[in-house]
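To start, the structure itself, in structure tokens.
The values are calculated or read from the model by the stated rules, or taken from the named source; none is laboratory data. Please read all numbers here as calculations on a predicted model, not as lab measurements. Quick reminder, even Gly has a Cβ in these numbers, built from the backbone with ideal geometry, and neighbours come from all protein chains shown.
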Amino acid sequence: MGYYDDHTQGRYREQRGKKGSVFLASLAGAIIGALIVIFAIPTLSKQGILPYKLATDQNQAVETTNNKKNNEKNVVEKVSYDVSTNTTKAVEKTGEAVVGINNIQSSSFWSDKGDSSEEAAGTGSGVIYKKVDNKAYVVTNHHVVEGATRLEVSLDDGTKIAAKLLGSDVWTDLAVLEIDASKIKTVATFGNSDNLKMGEPVIAIGNPLGATFSGSVTQGIISGLKRTIPVDINEDGVIDWQSEVLQTDAAINPGNSGGALINMAGQVIGINSMKISQEAVEGIGLSIPINSAIPIIDDLEKFGTVKRPYMGVDLKSVDEIPAYYQEEALKLPRDVNYGVALRQVVPNSPASRAGLQELDVIVEMDGEKITNVIDLRKHLYQKKKVGDQLKVKYYREGKLKETTLTLTGEKLE
């Protein structure tokens, strides 16, 4: 009758013998494999199969042996790797088009003498996107150039060029500068941010923390599309705007603002704008989609401002008004607790000519429900142009009315 532990000693002796054979066979196989790899790499590199090139250092080290018979000299070759990937190619294409921006402001001291001096108030990044004749154009962030008395652009080689501010837009956080083009060699190409996919690899280029780390490159992916970030323009604690941005985990640090977010083709698909900086948050960088930025850039370059439609009203969201005044002052029906109240209507403005008055409450534009001031601004600035007609539904004295405005181009609401 047999058991599983029968002939145990014989079984173990046989296994020890087999283990030794397996070890020797494995060692021989490893040695042969290593030799094949060593001799195959140069051939594969020459045929372009590898993602890098194998190059021999021109300065070969010569080692003389003490061989008395034939006085032979052994040449020791230094081998270097010329790495070429999609990432390196993208950076080579666009890297030199990303520049530093120096915000220089006047500061007064010894105020009794009236003396003043200039000092760098901050640094950021910018992207050279156009070169025409002897002029080049740089896009950056509004907050990078805000308050500057003088602006300088620092090129990739450290050259500093005086810059002229053509225009700046606080709502989109974009600005355009003009510089002398005589020393500009590289101009960035704009891509199509509407074609981006979640998880697509991207590269951020900029000057984090100033000139010390100029031209820094970080890589990540597209973590989110069409993210909406609340923005308090005048810092009064009330949200004025919702910025639509791209989210990436590529590192974006102070000084990267205004720099380029590029795809693997080296095309600019975003202008780096901000980073969510909280202790509990890591790896959330935000970039302005280039398709949203292009019309703003064009207007700033041509007109120095953004041509947006104008209604001629002062606004207040209904949800910011106490319920008592919603009913007593605005005369809103009890089931209407949304919309935008008009605190003032500018005389002879589009709103005034259309019959709108103070205390009217706008609840609909072109058939789209208007919940608050942000909804109104997004509809007005993103869906309408100067000269367009705008159908408005509003409440006055508790009654729903309708009118049509012809929009003009004056100033922001």
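Among the residues of region 136-148, count how many are more than 15 Å from Ala97 (Cβ to Cβ) and either surrounded by fewer than 24 Cβ atoms within 10 Å (Cβ to Cβ) or among the hydrophobic types (A, V, I, L, M, F, W, C) (or both). Step through it out loud before you land on a result.
Going through region 136-148, the residues more than 15 Å from Ala97 (Cβ to Cβ) turn out to be 141-148.
Next, from what is left, pick out any that are either surrounded by fewer than 24 Cβ atoms within 10 Å (Cβ to Cβ) or among the hydrophobic types (A, V, I, L, M, F, W, C) (or both): 142-148.
So the answer is 7.
The number of residues in region 162-208 that are over 17 Å from Ile296 (Cβ atoms), more than 17 Å from the chain's Cα centre (by Cα) and either of a type in the set (A, V, I, L, M, F, W, C) or buried (at least 22 other Cβ atoms within 10 Å of the Cβ) (or both) comes to 6. Annotation: of all residues in region 240-294 being of a type in the set (Ser, Thr, Tyr) and surrounded by fewer than 23 Cβ atoms within 10 Å (Cβ to Cβ), the one that is modelled with the lowest pLDDT is Ser277. Gly220 passes every criterion in (1) in the same structural domain as Ala97 (by TED's automatic domain parsing); (2) not in a loop (DSSP other than H, G, I, E, B) apart from (1). If the condition is being closer than 19 Å to Val306 by Cα and part of a loop (DSSP other than H, G, I, E, B), then region 350-394 contributes Lys384, Lys385, Val386, Gly387, Asp388. Flag: Glu152 matches the condition of being surrounded by 12 or more Cβ atoms within 10 Å (Cβ to Cβ), part of a strand (DSSP E or B) and not aliphatic (A, V, I, L, M).
Ile205 satisfies every condition listed in (1) in a strand (DSSP E or B); (2) without any contact (Cβ under 8 Å) to a residue 40 or more places away in the chain; (3) within 24 Å of Gly266 (Cβ to Cβ) except (2). Look at region 163-192: where a residue is more than 14 Å from Gly304 (Cα to Cα) and without any contact (Cβ under 8 Å) to a residue 60 or more places away in the chain and a partner is of a type outside the set (Ser, Thr, Tyr) and surrounded by fewer than 17 Cβ atoms within 10 Å (Cβ to Cβ), sitting 6+ places away or on another chain with Cβ atoms under 7 Å, you get Asp180/Asn134; Ala181/Lys131; Ala181/Asn134; Ala181/Lys135; Ser182/Asn134; Ile184/Lys131.
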